[in-house]
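The values are calculated or read from the model by the stated rules, or taken from the named source; none is laboratory data. On a predicted model such as this, the values are computed, not experimentally measured, just so you know. We place every Cβ from the backbone using ideal geometry, glycine too, and count neighbours over all the protein chains shown.
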Amino acid sequence: MLAQAVCRIGLGLGTQSLPIVGNSLRRFCSDGVDDLKKALSELIPEQQERLKALKKNYGSKSLGEVTVDMAIGGMRGIPGMLWETSLLDPEEGIRFRGLSIPDLQAQLPSAVPGGQPIPEGLLWLLLTGKVPTKEQAVSVTEELRERSHLGAHVLKVLNSLPDDAHPMSQLSVGVMALQSGSHFAAAYTRGTHKSKYWETVYEDSMDLIAKLPQLAAMIYRRTYKGGEQINPHHKLDWAANLAYMMGYEDSGCHEMMRMYQTIHSDHEGGNVSAHTTHLVGSALSDPYLSYAAGMNGLAGPLHGLANQEVLHWL
């Protein structure tokens, strides 16, 4: 859930996303800054200049040869983005900002002593390049909690769909039902300067991330549990609350959800859903429009739907 929403936050940098800024951020972000948006406001100007220098000094350099096979194969193998938040190795596995999954388990804040990392900590790491303190991760949890309210119209929209509508179709519709509240769309209409785009994209992205657990739980309960909804638990973290609203109160389920959401938060940025989100966002579509498009890509049998088919096979 995090990856496609996160990748929209850097609109002020052009069509690329904020996570391209690299390891230099580890020295830049102060441990004393507990507000994520404030931390980003200190980082972004430096990285905007870094991108300008990159374009100026290397803009004419070739990234390699493009063959007919590459074009026919849907740009397969063509370098097409800058992406430093994660790297997937077929032998070693995935690394987030250079950290392996065991590294994340050892270094990121957890909800319980010695437990699994919470996704809020990874969100801070992905955006700033720095492992957060416990206080910083908790501040993200609190910010998401404050933004998590869903209007009654969302469930009404979902309930207007056929009972057998695929959950991914419901998710796309649900996200689009939230789009009327887009801060970025309103700011663009007002004529906000492009250097300030990131500020309202941040607001939309964080609002969307905050609302996704309740939206996903609504869809799950509607599809598999007869439609009876469970209200959010206002003392749980983001991932545990998702499990709780789905109907799972066991602490082991909460820990599983924390780890699952953490390790699925970012996968190199080049897959169909992330690429689609970037592509739609490059038209200055707001994060809701971009994310819904990405989820439609994720629903395809060669992408996220493959996970569902594996479960059916098992």
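General remarks:
- Any chance residue 120 is crowded, with 22+ Cβ neighbours inside 10 Å, touching a residue at least 60 places away in the same chain (Cβ under 8 Å) and among the charged types (D, E, K, R): yes
- Qualifying residue in the range 170-177 (condition: closer than 20 Å to residue 305 by Cβ, in contact with a helix residue (DSSP H, G or I) (Cβ under 9 Å, 6 or more places away or on another chain) and of a type in the set (Ser, Thr, Tyr)): yes
- Filter pass, residue 77 being of a type in the set (Gly, Ala, Ser), assigned to a loop (DSSP other than H, G, I, E, B), over 17 Å from the mean Cα position of the chain (by Cα) and modelled with pLDDT under 95: yes
- Candidates are the residues of the range 245-262 that are buried (at least 19 other Cβ atoms within 10 Å of the Cβ) and under 16 Å from the mean Cα position of the chain (by Cα); the one that is nearest to residue 177 (Cα to Cα) is 261.
- Any pair with Cβ under 6 angstrom, 6 or more apart, that starts in the range 81-92 at a residue that is closer than 14 Å to residue 129 by Cβ and surrounded by 16 or more Cβ atoms within 10 Å (Cβ to Cβ) and ends at one that is at pLDDT 90 or above and of a type in the set (Phe, Trp, Tyr): 86/96
- Cβ separations smaller than 7 Å between residues 6+ apart or across chains give the following pairs from the range 171-197 residues that are within 16 Å of residue 151 (Cα to Cα) to residues that are in a loop (DSSP other than H, G, I, E, B) and at pLDDT 95 or above: 173/161; 179/286; 182/286.
One line per residue, one yes/no per condition, for (1) surrounded by 21 or more Cβ atoms within 10 Å (Cβ to Cβ); (2) modelled with pLDDT of 95 or more; (3) in a loop (DSSP other than H, G, I, E, B); (4) in contact with an Asp or Glu (Cβ under 8 Å, 6 or more places away or on another chain):
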position: 135; (1), (2), (3), (4): no, yes, no, yes
position: 164; (1), (2), (3), (4): no, no, yes, no
position: 170; (1), (2), (3), (4): yes, yes, no, no
position: 205; (1), (2), (3), (4): yes, yes, no, no
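- Complete set of residues in the range 207-234 that are in a loop (DSSP other than H, G, I, E, B) and either within 27 Å of residue 182 (Cα to Cα) or touching a residue at least 12 places away in the same chain (Cβ under 8 Å) (or both): 225, 227, 229, 230, 231, 232, 233, 234
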